[in-house]
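J.: Here's a structure for you.
The values are calculated or read from the model by the stated rules, or taken from the named source; none is laboratory data. Keep in mind it's a predicted model, so treat the numbers as computed, not measured. Don't worry about glycine lacking a Cβ; one is built from the backbone with ideal geometry, like all the others, and counts go over all protein chains shown. We work out accessible area using only protein heavy atoms, side chains counted, and drop any ligands, DNA or RNA first. Shrake-Rupley method; radii C 1.70, N 1.55, O 1.52, S 1.80 Å.
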Amino acid sequence: MTLEIIGITVLWIFLFGYLIVASIDFGAGFFNAYNTLTRRDHILTNIIERYLSPVWEVTNVFLVFFFVGIIGFFPKTAFYYGTTLLVPASIAIILLAIRGSYYAFAMYGSYGHKGYTFMYGIAGLFIPASLSIVLTISEGGFISMVNDHPVLDYWKLFTSPLTWSIVVLSITALLYISAVFLTWYANKAGDTSATELLRKYSLLWALPTIITAGGIIFELRGHNPEHYARILDLWWVFGLSFLLFVGTVWLIWKRRSYGLAFGLLTGQFALAFFGYGFSHAPYLLYPYLTIYDSFTNEAMAISLIVAFVAGLGLLLPSLYLLLRLFLFNKDYVRGNKDFHA
Amino acid sequence: MGNEEAVFFSRVLTELTLSFHIIYATIGVGIPLMIMIAQWVGIKKNDEHYILLARRWARGFVITVAVGVVTGTAIGLQLSLLWPNFMELAGNVIALPLFMETFAFFFEAIFLGIYLYTWDRFENQKKHLLLLIPVAIGASFSAVFITIVNAFMNAPQGFDLVNGELININPLLAMFNPAMPTKVAHVVVTAYMTSAFVLASIAAFRLLKGSNHEYHKKALFLTMKLGLIFSIATAIIGDFSGKYLAEYQPEKLAAAEWHFETEENAPLIMYGILDDGEVKYAIKIPYGLSVLAHSNPFAEVQGLNDFPEDEIPPLYIHYLFDLMVTIGVGLTALSALYVFAVGRKWSFVHTKWFRWLLVSTGPLAMLAIEAGWWLAEVGRQPWILRKIMRVEDAATTSGQVDLMLVLFAGLYLILGVGSVVVLRRMFKRNPVEQEIEDRRKEQDGEVQ
């Protein structure tokens, strides 16, 4: 394994972590808003707040970790993506900022009303939509070099069906991931009505997720044949991912072991995400940037990896403690005890 | 948009983001330590008031930390969005502390979540206090790592630039650059100092507004004592910073002190204005600058005449320097007077006008932080990486920076107003007298 591969794998793992925890967060906000609008908010609010309150800040760090890490391991990405992503990334930051801070304002300062709940829910869908544009751009064809500087062709980007399918996938997938997780969580909390409602959402969003995911592979055939061919080479990874998807849906349908269902779902997305990443390699940006020609020097790469291992040694036990105290603590999950400052 | 415009708007947007973020970042670095000290004092003295102080500070802290986190995310991304050429170069040499900062921040975020939701969960208060230690360490180390990156911009080392190629890169050497010790110490200690004074302001304000509770008096005395300790530390470190500048960034020192000609026995110019290249209405302290720069009244100090004209920072940084130092010295004197007077039981410290003075300490300290950062950043001009890369060569070529500036200005306005409104409401709804009463009832078993 070369240093380049180690670097990109580390980053990809963290991006996957963000994908899962942020999806849960964004989806929860959306379901909450939807139910407030249809006056059923009493069912979900408690469950969602209990889960989100102690972890919301941690979610953000996964993202920060990814973009700081990619500049560290692959400094050239700053030149290509930094220049071209000014607008979409700025919009994502602004939405993240409003959403994140107002969560704290509402939770700890009891500063909330309906309009805000609604905004909060909608912002959660726009953030992944604007972030997922990066994946579209990375497929190539939207950036051209003018006077040695990368320029993004917005018209082409926004009229491409690939862009919109990836946007739709980011939204359906996040609602699906969130619904499955919250079904499990609500079930743990012993809240039957919330479990039933969330189970319904899980089943509702399962099919759109898999259809858009398949559609994207199909569209890549026209847009980026090289990537499409490499995906086909890895057909068994995506096939396995699909089997896990079937397993999740079956368990939810049968109202059986929701925990296992969420486990299978994580597996499904991990396989698809890493299959996608692996087939995308070595390109970071078709056709300009690969992990090899953008890689940092060896001294920096080794020190980053050492820092990463040391940091992980610190983080994993802390994360475990966090999960044990809140996610896996019956008294806390069921709302028997509240020790908020 | 021509590239000159992109450079201009990138600078304005970065300045705006940093000026806003630093308020919340400073509080974010300093307050955990204050909470820790208050809770520790409370446990040691078995005094419920201090415990409550820690608890109420922690509640307010969450709001400021939220804004700190999101604006920190903003500046983290903006560095790559607005200064892609700089980050491409810097990523090769100074990515390590940036990367470590995310770990420090991760660590802090996890334990802050745990700390906030485990009040009264442990029989033993000390166990709960232990959870705060990683928060305080994470917060301070975030500041340490980020300041290391800034120090590197002032004194880049740990690599060689040969024909535009970076070779012999040594990430550790880059981290431990000559600017690092004084800069890191200065940033961390002033964050503690400012946080102490901000909390002192709040306590003094409550006392002025009619609440004469023992709780606020204890808070005021504790925070003023801490403010005094950290402002003395700041003064000592400030002196070392002057010596660092004289050695490694003499043009910055010369511009800040309006020291035009290289000379021995250099006087220190304080205040004054610059009129057609002539200094007017200034106070001159003989030998002052030589002492500041080299601890020797007769030493030679390099003047601006030694440097090429296009490598001299704007001279208005002198005003920023004066503002920062004046506030620092003033706060040291004021807190010393207060602590001494309380010890002597002098009654003037309880008068209205003196309490108003104490209320001003927090905002003034924050103003000094802003002035200090403007001085640090403008004083490095025209370089983004001293002697390696100029600011105008680092900026993006994107044409939409002006629009982004408007959007972000709107964002900061919302966040600033929002955080103030929420904090005010939070403490108004639940005044401390009420909370003390509630807790007493709870302990007596009247309310479960």
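J.: Would you point out which residue out of B:T182, B:T190 is surrounded by 23 or more Cβ atoms within 10 Å (Cβ to Cβ) and touching a residue at least 12 places away in the same chain (Cβ under 8 Å)?
T.: B:T190
J.: Still on this structure, please answer the following. Looking at segment B:292-322, which of its residues are of a type in the set (A, V, I, L, M, F, W, C) and surrounded by fewer than 19 Cβ atoms within 10 Å (Cβ to Cβ)?
T.: B:F298, B:A299, B:F307, B:I312, B:L315
J.: Filter segment B:38-64 for residues that are free of Cβ contacts under 8 Å to residues at least 12 places away in the same chain and either surrounded by 23 or more Cβ atoms within 10 Å (Cβ to Cβ) or touching a strand residue (DSSP E or B) at 6+ places or on another chain (Cβ under 8 Å) (or both) and give the result.
T.: Matches in segment B:38-64: none.
J.: When you scan segment A:52-59, do you find a residue that is at the interface with another protein chain (Cβ under 8 Å from one of its Cβ atoms) and at positive phi, even just one?
T.: no
J.: Just checking, which of B:I148, B:I133 is open to solvent by less than 10 Å² (accessible area, probe 1.4 Å), at pLDDT 90 or above, among the hydrophobic types (A, V, I, L, M, F, W, C) and not in a loop (DSSP other than H, G, I, E, B)?
T.: B:I148
J.: Which numbered condition in (1) part of a helix (DSSP H, G or I); (2) farther than 24 Å from B:T361 by Cβ; (3) more than 14 Å from chain A (Cβ to nearest Cβ) is the only one that B:I202 fails?
T.: Status for B:I202: all satisfied but (2).
J.: Name the pairs: first residue in segment B:226-241 and over 20 Å from B:K252 (Cα atoms), second residue of a type outside the set (F, W, Y) and outside any helix (DSSP H, G or I), Cβ to Cβ under 7 Å, at least 6 apart or on different chains?
T.: Listed by first residue and then by second, the contacts come to nothing, as the list is empty.
J.: Of everything in segment A:209-224, what is free of Cβ contacts under 8 Å to residues at least 40 places away in the same chain and open to solvent by less than 80 Å² (accessible area, probe 1.4 Å)? Give them in sequence order.
T.: Answer for segment A:209-224, where residues must be free of Cβ contacts under 8 Å to residues at least 40 places away in the same chain and open to solvent by less than 80 Å² (accessible area, probe 1.4 Å): A:I210, A:G214, A:I217, A:G222.
J.: If you don't mind, another one. So which residues in segment A:269-299 are polar (S, T, N, Q) and either under 20 Å from the mean Cα position of the chain (by Cα) or within 7 Å of chain B (Cβ to nearest Cβ) (or both), if there are any at all?
T.: A:S279, A:T296, A:N297
J.: Give segment A:63-95 a look and list any residue that's modelled with pLDDT of 90 or more and of a type in the set (S, T, Y), or say none.
T.: A:S90
J.: When you go through A:I13, A:I8, A:I24 one by one, which is the residue that is part of a helix (DSSP H, G or I), open to solvent by less than 10 Å² (accessible area, probe 1.4 Å) and away from chain B (no Cβ under 11 Å)? Spell out how you get there, then give the answer.
T.: On the way: A:I13 fails: open to solvent by less than 10 Å² (accessible area, probe 1.4 Å); A:I8 fails: open to solvent by less than 10 Å² (accessible area, probe 1.4 Å).
The match here is A:I24.
J.: Which numbered condition in (1) closer than 30 Å to A:R199 by Cα; (2) more than 22 Å from the chain's Cα centre (by Cα); (3) modelled with pLDDT of 85 or more is the only one that A:Y332 fails?
T.: (3)
J.: Out of A:I252, A:I302, A:I231, which single residue is surrounded by fewer than 16 Cβ atoms within 10 Å (Cβ to Cβ) and either touching a residue at least 24 places away in the same chain (Cβ under 8 Å) or within 13 Å of another protein chain (Cβ to nearest Cβ) (or both)?
T.: Going through A:I252, A:I302, A:I231 in turn, just one is surrounded by fewer than 16 Cβ atoms within 10 Å (Cβ to Cβ) and either touching a residue at least 24 places away in the same chain (Cβ under 8 Å) or within 13 Å of another protein chain (Cβ to nearest Cβ) (or both): A:I302.
J.: Output the residues belonging to segment B:59-100 that are among the small types (G, A, S), over 18 Å from A:G82 (Cα atoms) and facing chain A (nearest Cβ under 7 Å).
T.: Correct list: B:A66 only.
J.: Which of the following residues is more than 28 Å from A:P317 (Cβ to Cβ) and touching a Phe, Trp or Tyr at 6+ places or on another chain (Cβ under 8 Å): B:G60, B:G76, B:G72?
T.: Selected residue: B:G60, the only one of B:G60, B:G76, B:G72 that is more than 28 Å from A:P317 (Cβ to Cβ) and touching a Phe, Trp or Tyr at 6+ places or on another chain (Cβ under 8 Å).
J.: Would you pick out the residues in segment B:9-37 that are away from chain A (no Cβ under 13 Å), of a type in the set (G, A, S) and surrounded by 21 or more Cβ atoms within 10 Å (Cβ to Cβ)?
T.: Passing the criteria: B:A25, B:G30.
J.: I'm checking my understanding of the structure. Among residues of segment A:148-198 that are open to solvent by 40 Å² or more (accessible area, probe 1.4 Å) and β-branched (V, I, T), which one is nearest to the chain's Cα centre (by Cα)?
T.: This residue is A:I171.
J.: Looking only at residues in segment B:347-365 that are under 17 Å from the mean Cα position of the chain (by Cα) and among the aliphatic types (A, V, I, L, M), which one is least open to solvent (accessible area, probe 1.4 Å)?
T.: Filtering first and then ranking leaves B:A365.
J.: Here's a follow-up. Select from segment A:60-82 the residues that are out of contact with any Gly (no Cβ under 9 Å at 6 or more places or on another chain), within 7 Å of chain B (Cβ to nearest Cβ) and farther than 18 Å from B:A74 by Cβ and list them in ascending order.
T.: A:F79
J.: Something else: Being exposed (fewer than 14 other Cβ atoms within 10 Å of the Cβ), more than 9 Å from chain A (Cβ to nearest Cβ), part of a helix (DSSP H, G or I) and not β-branched (V, I, T) is the filter here, so list the residues in segment B:409-440 that pass it.
T.: B:L413, B:R424, B:K428, B:E433, B:Q434, B:E437, B:D438, B:R440
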